[in-house]
Amino acid sequence: MDYKAKLEELITIVVRENGSDLHIGSGRVPAIRVMGELIFLLKQPVLSKEEVLGILEVVLGKDKLENFKKTQEADFSYEFAGTARLRGNAFFQRREICIAFRLIPAIRNFEQLNLPPVLGEIARRPQGFFLVVGPVGQGKSTTLAAMIDFINHEQARHIITIEDPIEYVFTPDKCMIDQREVGIDTRDFHTALKSAFREDMNVIMVGEMRNPETISTAVTAAETGHLVLSTLHTNNASQTIDRIIDSFPGYQQEQIRMELSSSLLGIFSQRLIPKETGGLIPAYELLFNNKAVANLIREKRTQEIDIAIETGSEFGMVDLNRSLSELVRAGSISAENAYQYSLNPRGLEKML
């Protein structure tokens with residue numbers, strides 16, 4: 001079998017069907033995800049372990065394939081025919097090899113993504129710490145890419161990205177952009193982030209806040225005159241702040257509270273909701289760090305942040321229920337889907 005040709009045949013199906021993901025596993029037929037639904041490609045043959053291993057060698061290369069056999073996990077990116085990129089993860093289940101690919105679409109702007117223009121105002125800020133959060137697969141990387149691209153076309157800055165793996169590839173316009181992939185261009189997130197201080201950067205995008213060392217260095221970067229953009233797998237703003245603080249040992253939590261309260265610009269939490277006309281549209285929560293919010297962080301009253309967002313519309317804040325209700329009234333999404341994605345269905349009921 002020509003393993004590269006087989007992989008690209010399957011990727012072509014994903015692209016043709018406007019899919020988002022491709023799943024390959026030994027002992028089963030391939031599957032794709034379209035509009036959130038998993039579809040099995042029943043006309044495709046069941047793949048053997050040898051065939052999946054051959055496909056994996058295409059995307060990893062021989063050296064990384066040998067490392068995968070030892071570590072049993074691998075993250076990677078793959079460029080398809082010069083027209084599309086995919087990120088992927090390879091893993092074992094019951095001693096069988098599986099590969100999950102996510103198609104990375106072309107970089108789009110805020111308007112194309114139905115994102116609020118205020119993200120552009122945040123991208124213009126010279127320094128601070130801004131997080132895009134939400135569950136897996138809700139468009140966090142896509143939103144960060146739109147913010148980086150906005151800066152790229154508007155200001156002359158030095159942007160460094162640290163990713164695992166590199167997803168969106170940026171074409172420099174007004175900015176100088178250096179993209180570093182963990183495991184290839186740098187040892188780990190923390191090492192690359194520390195090095196960035198010596199690389200005359202203005203903006204740094206960290207693919208994910210994975211450990212206290214990375215978080216602490218990112219906050220320091222924001223305090224010392226840099227714009228830091230990153231993601232976390234959390235549900236909303238208050239949970240994000242708690243997650244950051246709780247990741248540190250007790251004796252360090254007071255210090256990180258103080259630093260976060262002064263360096264945080266805001267938190268953007270998003271969900272991709274099925275549209276009535278097809279496709280997906282984001283609903284979101286937006287927290288801005290003002291004096292009141294900073295006090296809540298310092299005083300260990302993060303449980304009150306949800307109320308601060310609900311009552312902070314005059315400061316540009318948006319709570320998720322308000323975003324969902326506006327989409328329902330506009331006919332963009334169904335009330336049923338709004339309730340499904342709401343973190344407070346009772347509160348949403350009062351708004352619809």
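Observations, loosely collected:
- Positions within region 58-74 being surrounded by fewer than 18 Cβ atoms within 10 Å (Cβ to Cβ) and closer than 18 Å to residue 102 by Cβ, in sequence order: 58, 73
- Some residue of region 145-164 being crowded, with 21+ Cβ neighbours inside 10 Å and hydroxyl-bearing (Ser, Thr, Tyr): yes
- Among the residues of region 264-281, those identified as crowded, with 21+ Cβ neighbours inside 10 Å and of a type outside the set (A, V, I, L, M) are 266, 268, 269, 270, 271.
- Any hit, region 169-189, residues being free of Cβ contacts under 8 Å to residues at least 12 places away in the same chain, touching a strand residue (DSSP E or B) at 6+ places or on another chain (Cβ under 8 Å), surrounded by fewer than 18 Cβ atoms within 10 Å (Cβ to Cβ) and not in a loop (DSSP other than H, G, I, E, B): no
- Restricting attention to region 309-326, the residues being more than 14 Å from residue 269 (Cβ to Cβ) and surrounded by 21 or more Cβ atoms within 10 Å (Cβ to Cβ) number 1.
- Top-ranked residue in region 58-85 [being in a strand (DSSP E or B) and touching an Asp or Glu at 6+ places or on another chain (Cβ under 8 Å); ranked as modelled with the lowest pLDDT]: 80
- Residue selected from region 240-264 under the condition assigned to a helix (DSSP H, G or I) and among the hydroxyl-bearing types (Ser, Thr, Tyr), by the criterion farthest from residue 284 (Cα to Cα): 251
- Any pair with Cβ under 9 angstrom, 6 or more apart, that starts in region 202-222 at a residue that is in a helix (DSSP H, G or I) and ends at one that is surrounded by fewer than 24 Cβ atoms within 10 Å (Cβ to Cβ) and among the β-branched types (Val, Ile, Thr): 212/256; 215/256; 216/256; 219/256
- Within the option set 55, 32, being assigned by TED's automatic domain parsing to the domain that holds residue 100, crowded, with 19+ Cβ neighbours inside 10 Å and assigned to a strand (DSSP E or B) holds for one residue only, 32.
- Subset tally (residues that are crowded, with 17+ Cβ neighbours inside 10 Å, more than 20 Å from the chain's Cα centre (by Cα) and polar (S, T, N, Q)) for region 190-239: 2
- Considering only residues in region 153-170 that are β-branched (Val, Ile, Thr) and at pLDDT 95 or above, the one that is farthest from residue 217 (Cα to Cα) turns out to be 159.
- A count restricted to region 100-117 and to residues that are of a type in the set (Val, Ile, Thr) and part of a loop (DSSP other than H, G, I, E, B) stands at 1.
- For region 89-106, the candidate set comprises residues that are touching a residue at least 60 places away in the same chain (Cβ under 8 Å) and crowded, with 19+ Cβ neighbours inside 10 Å; within that set, the residue that is nearest to residue 49 (Cα to Cα) is 97.
- Residue 267 part of a helix (DSSP H, G or I) and closer than 25 Å to residue 301 by Cβ: no
- Failed item in (1) charged (D, E, K, R); (2) part of a helix (DSSP H, G or I); (3) surrounded by fewer than 16 Cβ atoms within 10 Å (Cβ to Cβ), with residue 306 passing the rest: (3)
- Condition met for residue 27 (outside the structural domain of residue 163 (by TED's automatic domain parsing), farther than 28 Å from residue 185 by Cβ and surrounded by 13 or more Cβ atoms within 10 Å (Cβ to Cβ)): yes
- Residue within region 255-269 that is free of Cβ contacts under 8 Å to residues at least 12 places away in the same chain and not assigned by TED's automatic domain parsing to the domain that holds residue 18 present: yes
The values are calculated or read from the model by the stated rules, or taken from the named source; none is laboratory data. All values derive from a computational prediction rather than experimental measurement. Neighbour counts are summed over all protein chains in view; Cβ atoms, including those assigned to glycine, are modelled from backbone coordinates with ideal geometry.
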